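Structure, as structure tokens:
The values are calculated or read from the model by the stated rules, or taken from the named source; none is laboratory data. Treat the numbers as computed from the prediction; the structure is a model and nothing was measured. Here the Cβ is made from the backbone with ideal geometry for all residues, glycine too, and neighbour counts use every protein chain on show.
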């Protein structure tokens, strides 16, 4: 645990809110951190996922689990948080409400559970799959279900919903993102009611907005969640929601079963023939929990509850061992807090990116098509130049190691020169300086940069011969030897070791 961390102790079992906001932008400062433009989520490149033994995480996003709440339940806080935010904060479900939920998947199921926990009198869940709707009734017996597949257009579906509920819904939650579902929610919701759009669908769609306008039906967007984990843990702890009902399969965390878990997710059905579109977790191995979780048939991760030994006196941050199920919006985690050494960062890379967009600092254009990681951005905040010993020591070490890699030495008259700049710039610099007047180069091309060497030689007036191996074949040493044997006038041989298009 890092300095100043309170409320957590080494060995605590915690659930982790999976996305880390910058903490500095206007949205973060206003409390709407889920909308932070620089938020970093587990499992979304370039950020690491959770198929790993250790995870470092801000203490403010680590939530302690009560003793009677399992890690399996803790990891389910992520999908439960989505449902809780949609129902409690956006749809504003109140005691006595009639609630319409569209979608028969895990978020729809949890939305029904959460609505009842918030005091709803009736909850109607609509979907297109009879088996899933039956599963919702088993997981949440108080819920009413309605299969609307083939029931007509959205106005006819809305009328059927009103008939079932004996009137309009006070509020609606759509977890599908489908145009017809959202349209039905709007039509089936009472005047002055609220519709929470939880599911993400097409970028553009047609909705009956005039109907919503003249009846003052509020259509509210929902993105992930914020400040919901304590509520989720409390509901689980009190037995108001039973997230274990959503666990359908268990897999041991080994190569064979993890692969099987992914395949079952992709197929949407496990080896036992049951649907995997809800969730799955692994068995407990001996004294330590070793778990993999799947939700919606697409989330697999890991959690281990063994407590490691304390480390030395290095600075520490809040951290957990183990993670569970990467999701489409991040990764829900559960594990055990422990001490983990790390280098404290001086400034948030994401806040640096925000400032750059606002032009508070000059723009820095990097060479070539690349994406810099947060670690690289942080390193760029430290000024190191060619006269700094830390700079020169690293460069000298790299040059010497590259010579050794080539099996040559300075004593034999060889030298390695590092050229800073984009790839094309480096190639032009080498060709224009290393080949003397009257020199002749044999170019071995197996990709775009090999071809570019020939183009540059043409413009610089350097005599050359090109052997093209295409971008799908490595350079043939025999062909090289044959070419040199046929023409002894070659003074240089040129090739790109890490070709962009082939990597050969």
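Strands (runs of 3 or more DSSP E) fully within segment 156-248 that include at least 2 residues being in contact with a strand residue (DSSP E or B) (Cβ under 9 Å, 6 or more places away or on another chain) and buried (at least 21 other Cβ atoms within 10 Å of the Cβ): 169-174, 189-197.
Residues in segment 230-262 that are at pLDDT 85 or above and closer than 20 Å to residue 137 by Cα: 235, 236, 239, 240, 241, 242, 243, 244, 245, 246. On the given criteria, is residue 43 at pLDDT 95 or above, under 24 Å from the mean Cα position of the chain (by Cα), buried (at least 19 other Cβ atoms within 10 Å of the Cβ) and closer than 26 Å to residue 246 by Cβ? When the stated conditions are applied, residue 43 does not pass them.
Residue 213 falls short on exactly one of the conditions (1) more than 21 Å from the chain's Cα centre (by Cα); (2) modelled with pLDDT of 95 or more; (3) more than 30 Å from residue 156 (Cβ to Cβ), and that condition is (3). Residues in segment 263-273 that are buried (at least 16 other Cβ atoms within 10 Å of the Cβ) and at pLDDT 80 or above: 264, 265.
Among residues that are over 25 Å from residue 458 (Cα atoms), modelled with pLDDT of 90 or more and not in a loop (DSSP other than H, G, I, E, B), residue 396 is included. Only one of the numbered conditions (1) crowded, with 21+ Cβ neighbours inside 10 Å; (2) at pLDDT 90 or above is not met by residue 31, and that is (1). Taken over segment 76-101, the criterion of being under 20 Å from residue 19 (Cα atoms) and buried (at least 24 other Cβ atoms within 10 Å of the Cβ) is satisfied by 76, 77, 78, 79, 80, 81, 82, 83, 84, 85, 86.
Remark: residue 479 matches the filter, which requires a residue to be exposed (fewer than 15 other Cβ atoms within 10 Å of the Cβ) and part of a helix (DSSP H, G or I). Of all the numbered requirements in (1) within 30 Å of residue 386 (Cα to Cα); (2) out of contact with any strand residue (DSSP E or B) (no Cβ under 9 Å at 6 or more places or on another chain); (3) free of Cβ contacts under 8 Å to residues at least 60 places away in the same chain, residue 481 misses one, and that requirement is (1). State whether the residues of segment 72-83 include one that is under 30 Å from residue 376 (Cβ atoms) and in contact (Cβ under 8 Å) with a residue 40 or more places away in the chain. The answer is yes, given that some residue of segment 72-83 is under 30 Å from residue 376 (Cβ atoms) and in contact (Cβ under 8 Å) with a residue 40 or more places away in the chain. Within segment 56-101, the residues that satisfy the criterion of being touching a strand residue (DSSP E or B) at 6+ places or on another chain (Cβ under 7 Å) and assigned to a helix (DSSP H, G or I) are 61, 71, 72, 74, 75, 77, 78, 79, 86, 87, 90. Scan segment 358-393 for residues that are modelled with pLDDT of 70 or more, surrounded by 10 or more Cβ atoms within 10 Å (Cβ to Cβ) and part of a loop (DSSP other than H, G, I, E, B) and the total you get is 6.
When residue 399 is tested against (1) assigned by TED's automatic domain parsing to the domain that holds residue 489; (2) under 41 Å from the mean Cα position of the chain (by Cα); (3) surrounded by 14 or more Cβ atoms within 10 Å (Cβ to Cβ), exactly one condition is not met: (1).
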